[in-house]
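My questions all concern the structure below.
Since every read-out is calculated from the coordinates, none of them should be taken as a lab result. Everything numeric here is computed off the predicted structure, so don't read it as measured data. Quick reminder, even Gly has a Cβ in these numbers, built from the backbone with ideal geometry, and neighbours come from all protein chains shown.
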Amino acid sequence: MEPVAPGKTRVGWIGTGVMGAAMAGHIREAGYELTVYNRTRAKAEPLLARGAVWAPTPREVARRSDVIFTMVGFPADLRQVVLETDGVIHGVTAGSVLVDMGTGEPALARELYETLQARGVASVDAPVSGGDIGARNASLSIMIGGDAEVVAGLMPLFQCMGKLIIHHGPAGAGQHAKMCNQVLIASSMISVCECLLYGYKAGLDLRKVIESVGSGAAGSWAINNLGPRILKRDFDPGFFVEHFLKDMGIALAEAGRMGIALPGLALAHQLYQSVKALGHGRSGTQALMLALERMSNVEMPAV
C-alpha cells in the first residue's frame, strides 16, 4: 500500500462522539478530504463547519472514501455500521481500507479482516488509549493489528492522532493489546480512588497528596489526570463507564477462553457494575469514587 497523503487520499469517519470528533478533526486539519457519518448528525456539526462533508449512511461514507475509520461504542454497533444494511461493506471498493479505532472483540476484528479481504479490501484494528485528553491533544497511544504493509501506508494518518503508534501483529492483535491496557487501568482506578478516600479520611490536603504520589513510584496517568477531576467532583466522561464495562467483559471472556484467572479485573468489573447501578453508566471512569464512597458511607466535598 502506498502511503496516504492530503490531496490524494479521501478519508471517511464514522462515529463522532467524545473522542471520535477530536480525532477526525486532526485529520481534517492535516488537509485530508473528510466525509463523516454519525447516528446523531448534531454531533458532527463542528466537523462540518470545518469543511467535512456529511454522508447519510456508512455505505455512502465508504463509497466516497479510500480509508474509512470507525469509532463506535460497542461490537454490535461496529457490526451494524460495517456489515448490515447500508453498512460500509456495501459501499467499499477493492483497494480501500477499513480502520476500526474503537475497542472491541479480537474475534470480530479477525472476522472483519477475512470478510473484507475476500472483497479486496484491507482491514486494520487500531484501538487507542488516552481518553478525551489524548484525543484532543493528538497524543493517543495507538495499538494496531493488521498487515504490516497496510499499517505502514496508513502511518501519516495515525500520526495525526497519536504519539505512540505500535503494530502488534496480525488482525486482532491491536484489540488484544488494548485489553492489556484495560486490565491495567481497571485495577489502577481502584487504587486511585482508594488512595484519595484514605487521604480524605486521614485529614490530608488531597491536592498535595496527588502532587506527592503523582511524581513518585506510585505515579500514573490516572492519578495525575483523573485524580484532580475527582477532587472537583467532575465525573463528566472522558471514557464512559458503560464502555469500560464492555471492555472488561471482553477481557474476562478472552481470559476464560485462554484459561487464565484475572481476579483483580473481576473485582473491578463488579465495582463498576455498582457505579452503573447508581445511575452513572454515562459518567467517566473516575465515577468509581462514587461507589467506593457509598461503601464507606463517605461523600467527599469538591475541592
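Counting pairs of alpha carbon atoms under 8 Å apart in space and at least six apart in sequence, what relative contact order in percent does segment 179-296 give?
In percent, rounded to a whole number, it is 37.
Once Rh is set to the Kirkwood radius over Cα pairs, what Stokes-Einstein translational diffusion coefficient, in µm²/s, holds for segment 119-161 at a temperature of 37 °C and a viscosity of 0.692 mPa s?
294
Also: Using the C-alpha atoms of segment 10-171, what convex hull volume per residue, in cubic angstrom, is computed?
Dividing the Cα hull volume of segment 10-171 by its residue count gives 93 Å³.
Among 288, 154, rank each residue by its count of other Cβ atoms within 10 Å, from fewest to most, as a rough exposure measure.
The most exposed by this proxy come first: 154, 288.
Which net charge results when you count Lys and Arg as +1 and Asp and Glu as -1 among the other residues whose beta-carbon is under 11 Å from that of residue 272?
Residues close to residue 272 contribute a combined charge of 0.
Right, next: Which residues among segment 1-17 fall inside the zone where the amide N is under 20 Å from a point 7 Å beyond the Cα of residue 148, along Cα→Cβ?
In segment 1-17, the label zone of residue 148 (backbone N under 20 Å from the point 7 Å along Cα→Cβ) covers 1-4.
Give the angle, between 0 and 90 degrees and rounded to the nearest 10, that separates the Cα long axis of helix 106-117 from the longest principal axis of the Cα atoms of the chain.
Orientation of helix 106-117: about 10 degrees from the principal axis.
Label residue 255 and residue 137 with points 7 Å out from Cα along Cα→Cβ: what is the distance between them in nm?
2.9
How many percent of DSSP beta bridges within the chain run antiparallel, rounded to 5?
Restricted to the chain, the bridges split so that about 15 percent are antiparallel.
Where does helix 263-277 land angle-wise versus the long Cα axis of the chain, in degrees 0 to 90, nearest 10?
90
Let me ask something else. When only Cα pairs under 8 Å and 6 or more residues apart are kept, what is the percent relative contact order across segment 1-87?
35
On to the next question. Starting from the Cα of residue 159, step 7 Å along the direction of its Cβ; do the same at residue 198; then give the gap between the two resulting points in nm.
It is 4.4 nm.
Tell me, what is a quarter of the convex hull surface for the C-alpha atoms of segment 54-113, in nm² with one decimal?
Taking the Cα atoms of segment 54-113, their convex hull projects to 3.8 nm² on average.
Same structure again: How much length would be gained if the chain were fully extended between residue 302 and residue 74, taking 0.36 nm per residue of separation minus their Cα-Cα distance, in nm to one decimal?
Between residue 302 and residue 74, full extension yields an extra 78.8 nm.
Taking only DSSP H segments of four or more residues, each worth -39500 (n - 2.57), what value at 222 nm results for the chain once the sum is divided by all its residues, to the nearest 500 deg cm²/dmol?
The helix contribution divided over the chain gives -15000 deg cm²/dmol.
Let me ask something else. Mind jotting down a quarter of the surface of the convex hull over the alpha carbons of the chain, in square nanometres, one decimal?
15.9
Work out Dmax and Rg for segment 204-294 from the C-alpha atoms and quote the Rg first, both in angstrom.
Over segment 204-294's Cα set, Rg and Dmax evaluate to 14.6, 45 Å.
Then there is this: If you filter segment 110-198 for trypsin sites (Lys or Arg not before Pro), then keep DSSP loop positions with at most 16 other Cβ within 10 Å, what is left?
Taking segment 110-198 and a limit of 16 other Cβ atoms within 10 Å, the loop trypsin sites (Lys or Arg not before Pro) found are 119.
To continue, here is another question. If the cut-off is 29 Å between C-alpha atoms, which lysines fall inside it for residue 163, apart from same-chain ones fewer than 8 positions away?
Here the lysines satisfying the reach criterion relative to residue 163 are 8, 43, 178, 232, 246.
Restricting to segment 97-234, what percent of DSSP beta bridges are antiparallel, rounded to 5?
If I count the DSSP bridges inside segment 97-234, around 25 percent turn out antiparallel.
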